[in-house]
Amino acid sequence: MAEITHGIGTSRVPTSISTPIVAESGIIFAVGTAPVQMTGGKTNEVIMASSYKEAVAALGYSDDWEKYSLCELVYTVFSLYQVSPIFMVNVLDTGKHKTRFQGEKKDVVDNKINLPLEVIAESINIVGKMSGTDFDVFYDGNSCIVEFLEDTTGEVEITYDAVDPSMVEKGDIIGGCDITTHKITGLELVDSVFPKYTKIPDIIVCPNWSHDSEVAAVMSAKAENINGMFEAVAIIDIDTAEGTGVTYYTEAPAWKKTRNFMRSNEIVCFPKLRLGDRIFNFSSQLAALMVKTDNDEDLGGGTPRESASNKQLQADSMVLSDGTEVVVDIQQANYLNDNGIVTALNFYNGFVSHGDWTACFPSNTDPVDYFYCVSRMFKWVAKTVTITYWSYIDRSMTRRIIDTVLQGVNDWLNSLTAEEKIIGGRVEMLEDENSETALMSGKAKFHIFLTPPSPLKQLEFVLEYDASYLAGLMTA
């Protein structure tokens, strides 16, 4: 500010109380396969999409969700639940997961050849013809079309490569870090979201793959430690295929236990969902429903305080992998819940998600662990204070700085209490948690006491016959 030598001068000092940078809630991170041959899309890179159009432009789209699992999530998130953004990693590699088709004879019909969607356009070679001069190639959503630029009839000889999604293995989904190239792949890329986009995922899904115990274990491990400081939940599907999975609800608890789906940051789902002719992994719909619930002003209000249980799913039935319908009544649904499994229920308000439990229930009786909405609130508060006070790192540890943190966090927790996003909360700096040696080494510990609301699990109405009302019959 310019100096005034004669008159009145003004100046400004920084506000002594910092306003928390409230962390977003409901950020999905997904790993799977997409028809990237349609768009020249990327493999093993994090793609952010805020709309259906963006997602399709980046990764392509196909209704064949068995081959292209990320397309299921794109359709679910953007078309059915209309939430955003999502972060996706495609592991289908057009240079690796492909098959060569050599010298095939194809008939030209209406100046075109229809090829499978899996064909890689730039690999097409036609004997006696030149791409761009004699023919062009495009995708129509269901096929790869070769269109001749001049009238062409008869039969041509064509060679091409086609992606083969069946060649993708669970190791591709799990990913890792190449020690030679330092290339990071698969689920390991969750750590790349925040540095690249300054968004912090808090929901991890792997459609078509999460039922695998090894994939689920890595999902859970990554959810436990993102960027060394943040946490998420991993939503896992129980396998419902005949011969390898669960086909009757009573089998689900044992299947869950034998595969060690027992962690507090896992949400286990059974069975699959169907809407019309489309079959969905339960995890895809539950993830989208959680995001929608978090960001509904009347429910989560931008926080994960509200469970997605008893909220409407986009489904008209439940099914197994082969499409066989599964009917679950309230007693059966509660049996699954009592064993730490989320299911669906067709009750008074249509098909809804049913269950608030994480996979650790019933062996773990800490509500912070077994209620997923309470657990997610703790993770969200931790995420918010981390990103808010990161700028304080390496500043001089003075009483003013400590008071600024204490007052800033307490004011924020008080506002959450007033908005009924928590029942109550406070932060303190306890003497027994801050030794002289710790303070000398620059370590200050703040203790946050927090009580998010538990989901209202049961209402009980007691009915009693009151004979005193009979007296009214004797009066005019």
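The values are calculated or read from the model by the stated rules, or taken from the named source; none is laboratory data. Since the structure is predicted, the reported quantities are computational estimates derived from the model, not experimental observations. Here the Cβ is made from the backbone with ideal geometry for all residues, glycine too, and neighbour counts use every protein chain on show. Ligands, DNA and RNA are excluded from the accessible area calculation, which covers all protein heavy atoms including side chains. Shrake-Rupley method; radii C 1.70, N 1.55, O 1.52, S 1.80 Å.
Computed quantities for the displayed model
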item	result
In the range 113-122, the residues that are touching a residue at least 40 places away in the same chain (Cβ under 8 Å) and in a strand (DSSP E or B)	Ile113, Leu115, Pro116, Val119
Meets criteria (more than 20 Å from Arg278 (Cα to Cα) and either open to solvent by 20 Å² or more (accessible area, probe 1.4 Å) or not in a strand (DSSP E or B) (or both)) for Glu66	no
Set Thr133, Thr152: member being out of contact with any strand residue (DSSP E or B) (no Cβ under 7 Å at 6 or more places or on another chain) and without any contact (Cβ under 8 Å) to a residue 24 or more places away in the chain	Thr133
Among residues of the range 239-260, those that are open to solvent by less than 10 Å² (accessible area, probe 1.4 Å) and aliphatic (A, V, I, L, M), counted	2
Residue check, Met229 touching a Ser or Thr at 6+ places or on another chain (Cβ under 8 Å) and open to solvent by 40 Å² or more (accessible area, probe 1.4 Å)	yes
Residue identified as among the β-branched types (Val, Ile, Thr) and more than 22 Å from Ile203 (Cα to Cα) among Val137, Val89, Val46	Val137
Single unsatisfied condition, Ser468 versus (1) at pLDDT below 95; (2) part of a loop (DSSP other than H, G, I, E, B)	(2)
Selection count where residues are in a loop (DSSP other than H, G, I, E, B), more than 22 Å from Asp140 (Cβ to Cβ), open to solvent by less than 50 Å² (accessible area, probe 1.4 Å) and out of contact with any helix residue (DSSP H, G or I) (no Cβ under 6 Å at 6 or more places or on another chain), scope the range 95-112	0
Subset tally (residues that are of a type in the set (S, T, N, Q) and free of Cβ contacts under 8 Å to residues at least 12 places away in the same chain) for the range 167-193	2
Some residue of the range 415-423 being within 30 Å of Leu336 (Cα to Cα) and crowded, with 18+ Cβ neighbours inside 10 Å	yes
Top-ranked residue in the range 346-380 [being over 18 Å from the mean Cα position of the chain (by Cα) and of a type in the set (A, V, I, L, M); ranked as most open to solvent (accessible area, probe 1.4 Å)]	Val368
Among residues of the range 431-476, those that are of a type outside the set (A, V, I, L, M), surrounded by 10 or more Cβ atoms within 10 Å (Cβ to Cβ) and under 30 Å from Ser396 (Cα atoms), counted	9
Ala382, sole failed condition from (1) in contact (Cβ under 8 Å) with a residue 60 or more places away in the chain; (2) of a type in the set (Gly, Ala, Ser); (3) more than 16 Å from Lys199 (Cα to Cα)	(3)
Answer residue from the range 319-345, given it is surrounded by fewer than 16 Cβ atoms within 10 Å (Cβ to Cβ) and in contact with a strand residue (DSSP E or B) (Cβ under 7 Å, 6 or more places away or on another chain) and is nearest to Glu242 (Cα to Cα) among those	Gly323
